[in-house]
Amino acid sequence: MRRVGVATYPGAVLVIRADLVDEIMVHARAEHPHEACGMIAGAEGGDRPERFFRMTNAAKPTGDALAEEREQAQRELVLGEAHAEYQGERRSSLTYYTWDVKERLRAQREMDARDEWACVIYHSHTRSPAYPSQVDIDVASGPANDPRIHYVIVSTRPDAEPRVAGHDLRSFRIVDGVVTEEQVEVVETYMFAHTGADDVPDSV
Ligand SMILES: [Zn+2]
């Protein structure tokens, strides 16, 4: 596995606009009881989520039985024996999400063309708390391993705990199998938020 030399983020924080938090929650509630997933792009080299990408959970049933059977077989192959089931049930969009490959590539091309990157990757848990599952940790620690990514997880389960702006929303860095939770600061606008040295004006 690739080592990046960074495992913990003391004082790490996600600063995110309130309207983007709202978009995540609207999407998560619309998809419930299925898991919702998406990304928020920011300027390359920066740490500010700006542009929302609502993505399709490719594990969600489409009504095409043959395609679903194929997708389920592929899912079990990718997840391996250890993760093929969750609490005695075959993995489905109720307990799992995966990108639609074509849609993910299209979004990546769009971001590349605008010098953006996927600064936030979000998904929802509809039965479990807003904490990375072992599948989430394994996926984030695979070829996608990147210490800069903010992994936002929201929970829409009935007993969800309001943590951030009234929602069960948490943010994590996941690097080489190590999960570090970070603070979430919700702001109306980035204009007054201090997220790094770049924001310090040149003159006073
Ligand atoms: Zn998850």
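What the table below lists for this structure:
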quantity: Two-decimal Rg to Rh for the stretch 50-192 - Kirkwood Rh, Cα set; calculated: 0.97
quantity: Val178 long-range amide H proximity, modeled H, under 5 Å; calculated: none
quantity: In order through the stretch 98-107: 3J(HN,Hα) via Karplus (6.51 cos²θ - 1.76 cosθ + 1.60), integer Hz, x for Gly, Pro; calculated: 8, 5, 7, 4, 5, 5, 5, 5, 4, 5
quantity: Estimated [θ] at 222 nm from DSSP helical runs (n ≥ 4, -39500 (n - 2.57)) normalised by residues in the chain, nearest 500; calculated: -8500 deg cm²/dmol
quantity: Among beta bridges that DSSP assigns inside the chain, antiparallel share in %, nearest 5; calculated: 70
quantity: Amide hydrogen neighbours beyond the local backbone of Val15, cut-off 5 Å, H modeled; calculated: Glu185
quantity: The stretch 48-60 - phi-based ³J(HN,Hα) in whole Hz, Karplus 6.51/-1.76/1.60, Gly and Pro as x; calculated: 10, x, 10, 10, 8, 10, 7, 10, 8, 7, 5, 7, 6
quantity: Rg/Rg_globular for the stretch 86-167, with Rg_globular taken as 2.2 N^0.38 Å and Rg from C-alpha atoms; calculated: 1.24
quantity: Pairwise centroid distance, computed over Cα atoms, of the stretch 85-163 with the stretch 27-43, Å; calculated: 8
quantity: Which of Phe172, Phe52, Phe192 has the fewest Cβ neighbours within 10 Å, and the rest in rising order; calculated: Phe192, Phe52, Phe172
quantity: Zone of Ser128's modelled label, taken as backbone nitrogen in the stretch 24-55 under 20 Å from a point 7 Å along Cα→Cβ; calculated: 28-29, 31-38
quantity: Karplus (6.51, -1.76, 1.60) ³J(HN,Hα), θ = phi - 60°, over the stretch 120-128, in Hz, Gly and Pro reported as x; calculated: 10, 10, 10, 7, 10, 10, 9, 10, 10
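Values in this text are rule-based calculations from the coordinates and carry no lab data. Keep in mind it's a predicted model, so treat the numbers as computed, not measured. Quick reminder, even Gly has a Cβ in these numbers, built from the backbone with ideal geometry, and neighbours come from all protein chains shown.
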